[in-house]
Amino acid sequence: MSLALLALGSVLIFEGLVYALAPSFLEQMLEMLRRIPEAALRQLGALVVVAGLIFVWLAFQLGV
């Protein structure tokens with residue numbers, strides 16, 4: 001449970017920093033995402049999920 005809270009807290013910190021430090025950059029990124037075809041966004045999302053799973057696996061292998 002503590003690992004899940006750590007992960008959630010880390011995500012919230014990162015997301016909050018993006019909004020706090022670079023809101024105009026975030027708007028530009030969202031505009032760029034609107035121009036990308038849906039199929040490419042799905043592939044990118046799947047790639048990010050796989051990368052996340054690899055990071056979680058590595059964390060457990062390193063003894064978290």
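Evaluate the following for residue 26: is it open to solvent by less than 100 Å² (accessible area, probe 1.4 Å), touching a residue at least 60 places away in the same chain (Cβ under 8 Å) and outside any loop (DSSP other than H, G, I, E, B)? So that I can check it myself, show each step before the final result.
On the way: open to solvent by less than 100 Å² (accessible area, probe 1.4 Å): yes; touching a residue at least 60 places away in the same chain (Cβ under 8 Å): no; outside any loop (DSSP other than H, G, I, E, B): yes.
It is false that residue 26 is open to solvent by less than 100 Å² (accessible area, probe 1.4 Å), touching a residue at least 60 places away in the same chain (Cβ under 8 Å) and outside any loop (DSSP other than H, G, I, E, B).
In the set (1) under 26 Å from residue 3 (Cα atoms); (2) loosely packed, with under 10 Cβ neighbours inside 10 Å, the condition left unmet by residue 16 is number (2). Screening the candidates 53, 44, 3 for the property of being of a type in the set (A, V, I, L, M) and open to solvent by less than 80 Å² (accessible area, probe 1.4 Å) yields one hit, 3. The residue pairs whose first member lies in segment 1-19 and is among the hydrophobic types (A, V, I, L, M, F, W, C), whose second member is open to solvent by less than 100 Å² (accessible area, probe 1.4 Å), and whose beta carbons are closer than 8 Å, counting only pairs six or more residues apart or on different chains, are 18/26. Among the residues of segment 1-18, just one is of a type in the set (Ser, Thr, Tyr) and within 18 Å of residue 57 (Cβ to Cβ), namely 10.
The values are calculated or read from the model by the stated rules, or taken from the named source; none is laboratory data. Since we're looking at a predicted model, the values are computed, not measured. Because the Cβ atoms are built from the backbone with ideal geometry, glycine has one as well, and the counts that use them run over all protein chains shown. SASA here: full protein model, heavy atoms, side chains in, ligands and nucleic acids out. Shrake-Rupley method; radii C 1.70, N 1.55, O 1.52, S 1.80 Å.
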